[in-house]
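See below for the structure under consideration.
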Amino acid sequence: MVELAFSTNAYTRHSLPAAIRRIADHGYAGVELLGDDPHAYFPEFGDGDREALLEAISETGLTVSNVNANTAMGYYDDAPPSAFFEPSVIRADDEAREWRVEYTKRAIDLAETVGSPAVCLATGRPLPGTPPEEAREYLRDSLHEILDYADPRDIEVGIEFEPELLIENTHEVLELIDEIGRDSLGINLDIGHAAVYGEDVPESIRASAGSITGVHLEDIVGGRRGKHYHRIPGEGDIDFRAIFDALADIGYDGFATLELYTYPDEPDRAARDAMAELERYL
């Protein structure tokens, strides 16, 4: 049976241990860890931080659903106030690309430490001067290095597609999985991203059967005609009954994680209202 988790990326006004304790207070079974500033930016995440994290997980009894390594805002002294995928695993600059590969390995280390089954990774956008076909070569090489590290640690790597990234829809990520040919590579399926791209989201779920490492949930207004803005379930147009039916159809029994980073000023309301809306489907 699907269980609900909540991502700490809604709680960026709080420390990571505090975020975990607040999420537990709202009745979630799992928690996704933001692998970035201000929670677990790996170059600065030390032994004391790990001890405090493990204490909060032990105290609350929450299961870690995923380590979210999509962004690296902490890399920059003055990062923009939005998700920032650079440096990405498709950068032409060897040093920058290797930095991101090593960063993802640190996310895998944290996943192993906290018992998370997976990490998620976004591909980034092909930058000027790097055509998509060249970027895909960098992606392939980066993924093999990452998966070589993840495999002996029994951690899955879920690619999270998003419109305008190199990998931006279900078809492309399934094609990538076939091309790479590694059992530990899968999809962190964000239903809002599929909706904004214009996909039939339940059919995307069914097409991804056997490849889903995790699910991100949020509501979206307008679908393909709308904007990519994460909203609390019940405040948009997503048919969550159809979503949970599709997950049941494919026998998915992992976590579905609320990703509501758009509510940093009221994360408790987002967590509370999302649970009230979705618990009927469990």
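Among the listed residues Gly251, Gly226, which satisfies the condition of being on the phi > 0 side of the Ramachandran plot, more than 20 Å from the chain's Cα centre (by Cα) and not charged (D, E, K, R)?
Gly251
Conditions (1) open to solvent by 20 Å² or more (accessible area, probe 1.4 Å); (2) of a type in the set (Phe, Trp, Tyr); (3) modelled with pLDDT under 95, marked per residue:
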{"residue": "Leu53", "(1), (2), (3)": "no, no, no"}
{"residue": "Glu59", "(1), (2), (3)": "yes, no, no"}
{"residue": "Ser65", "(1), (2), (3)": "no, no, no"}
{"residue": "Asn68", "(1), (2), (3)": "no, no, no"}
{"residue": "Tyr76", "(1), (2), (3)": "yes, yes, yes"}
{"residue": "Pro81", "(1), (2), (3)": "yes, no, yes"}
{"residue": "Arg91", "(1), (2), (3)": "yes, no, no"}
{"residue": "Asp94", "(1), (2), (3)": "yes, no, no"}
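Test of understanding: among Pro43, Pro80, which residue is assigned to a loop (DSSP other than H, G, I, E, B) and either under 19 Å from Thr213 (Cβ atoms) or not acidic (Asp, Glu) (or both)?
Just a single option satisfies the conditions, and that option is Pro80.
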Breaking point among (1) closer than 20 Å to Leu34 by Cβ; (2) assigned to a loop (DSSP other than H, G, I, E, B), for Asp253: (1)
Looking only at segment 46-77, and only at residues there that are part of a strand (DSSP E or B) and touching a residue at least 60 places away in the same chain (Cβ under 8 Å), the one that is farthest from the chain's Cα centre (by Cα): Thr63
Selection status of Leu165, modelled with pLDDT of 95 or more and open to solvent by 20 Å² or more (accessible area, probe 1.4 Å): no
Subset of segment 128-143 that is loosely packed, with under 14 Cβ neighbours inside 10 Å and in contact (Cβ under 8 Å) with a residue 12 or more places away in the chain - its residue that is farthest from Thr113 (Cα to Cα): Gly129
Which listed residue is of a type in the set (Asp, Glu) and surrounded by fewer than 19 Cβ atoms within 10 Å (Cβ to Cβ), from Glu218, Glu199, Glu179, Glu259: Glu179
Residue check for Val157: open to solvent by less than 10 Å² (accessible area, probe 1.4 Å) and either touching a residue at least 24 places away in the same chain (Cβ under 8 Å) or over 20 Å from Lys227 (Cα atoms) (or both): yes
Exclusive hit being within 18 Å of Asn66 (Cα to Cα) and within 18 Å of the chain's Cα centre (by Cα), set Ile167, Ile159, Ile243, Ile177: Ile159
Residue in segment 268-279 that is part of a loop (DSSP other than H, G, I, E, B) and open to solvent by 80 Å² or more (accessible area, probe 1.4 Å) present: no
Residues within segment 241-256 that are out of contact with any Gly (no Cβ under 7 Å at 6 or more places or on another chain) and crowded, with 20+ Cβ neighbours inside 10 Å, tallied: 6
Hey, Glu98 open to solvent by 20 Å² or more (accessible area, probe 1.4 Å), out of contact with any His (no Cβ under 7 Å at 6 or more places or on another chain) and free of Cβ contacts under 8 Å to residues at least 40 places away in the same chain or not: yes
Checklist (1) hydroxyl-bearing (Ser, Thr, Tyr); (2) crowded, with 23+ Cβ neighbours inside 10 Å; (3) over 30 Å from Glu133 (Cα atoms) applied to Thr170, failing item: (3)
Hey, Gly198 at positive phi and modelled with pLDDT of 95 or more or not: no
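The values are calculated or read from the model by the stated rules, or taken from the named source; none is laboratory data. Because the structure is a prediction, the values reported are computed rather than measured. With ideal geometry, Cβ positions are generated from the backbone for all residues, glycine too; neighbour counts draw on all protein chains shown. Heavy atoms of the whole protein, side chains included, go into the accessibility calculation; ligands, DNA and RNA do not. Shrake-Rupley method; radii C 1.70, N 1.55, O 1.52, S 1.80 Å.
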